[in-house]
Amino acid sequence: MIDLVPTPVGDARIHWYRAPRPRLTLALGHGAGGGVEARDLQAVAAALPARHVTVALVEQPWRVAGRKVAPAPGTLDTAWRALWPALGVPGLPVVAGGRSAGARVACRTAAELGAIGVLALSFPLHPPGKPEKSRADELAGTELPTLVVQGVRDPFGRPGEFPPDTELVPVPDADHGFAVPKRAATGQKEALEVITHAVAGWLARLPG
């Protein structure tokens, strides 16, 4: 099921993967370099409905409009805030999340929107090669239970670069898109299973 949701910066699109008996909804935004077809978003959407989690993959308006370049962070936040009411089901808590730029949007807005937690897939801790430009304050500022799932080869921030109090699951051999080399010890299917198992286990510990 797909919903088109108007926002002040254009229409957003929500792709629903509904659980038969959901205990919560997980809303996930995409990154600046791709859309909801990302392998990690698709893996989570396929795996979690059987765990009583409804997944909503959210396409930002710039993607819906066919543009190739993401707008400024403030514009992304504006769209996310505007579409948030469409993600709610009475009595069902919502976890905000996303991959890369989508994870940053979730971190910046989750508390004000009433989310019960934040899932950050491939959080871009810093631009590649520029660790001095850290975005760790966005993670620290969520004021909510927050899980980071990060590839060990991610040039935007390897697991060891995150603050020590970060709840983080490393994905062996994976890069920023959670791709693994063909000759790596970890297969692509195994890497995605690390992600889905970690996310499912973390969500199970949240109130719902």
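The values are calculated or read from the model by the stated rules, or taken from the named source; none is laboratory data. Here the structure is a predicted model, which means the values were calculated and not measured. Here the Cβ positions follow ideal geometry from the backbone for every residue, glycine too, while neighbour counts run over all protein chains shown. For accessibility, only protein heavy atoms count, side chains too; no ligands or nucleic acids. Shrake-Rupley method; radii C 1.70, N 1.55, O 1.52, S 1.80 Å.
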Hey, any hits in the stretch 126-149 for a residue that's more than 26 Å from Leu24 (Cα to Cα), open to solvent by less than 60 Å² (accessible area, probe 1.4 Å) and hydrophobic (A, V, I, L, M, F, W, C)?
yes
For the stretch 8-30: of the residues being assigned to a strand (DSSP E or B), free of Cβ contacts under 8 Å to residues at least 60 places away in the same chain and more than 21 Å from Thr78 (Cβ to Cβ), which is most open to solvent (accessible area, probe 1.4 Å)?
Tyr17
Hey, does the stretch 60-69 have a residue that's closer than 14 Å to Gly35 by Cβ, within 16 Å of the chain's Cα centre (by Cα) and surrounded by 22 or more Cβ atoms within 10 Å (Cβ to Cβ)?
yes
Single condition Glu112 does not satisfy, out of (1) open to solvent by 30 Å² or more (accessible area, probe 1.4 Å); (2) under 30 Å from Pro8 (Cβ atoms); (3) of a type outside the set (Val, Ile, Thr); (4) in a loop (DSSP other than H, G, I, E, B):
(4)
Is at least one residue of the stretch 71-89 in a loop (DSSP other than H, G, I, E, B) and crowded, with 16+ Cβ neighbours inside 10 Å?
yes
Residue satisfying condition, being under 22 Å from Val36 (Cα atoms) and among the polar types (S, T, N, Q), within set Thr109, Thr142, Thr166:
Thr109
Mind checking which residues of the stretch 31-59 are open to solvent by 10 Å² or more (accessible area, probe 1.4 Å), modelled with pLDDT of 95 or more and either under 22 Å from Phe156 (Cβ atoms) or within 11 Å of the chain's Cα centre (by Cα) (or both)?
Val36, Glu37, Ala38, Arg39, Gln42, Ala43, Glu59
Being over 16 Å from Leu121 (Cβ atoms) and part of a helix (DSSP H, G or I) is the filter here; which residues of the stretch 155-193 pass it?
Gly160, Glu161, Lys189, Glu190
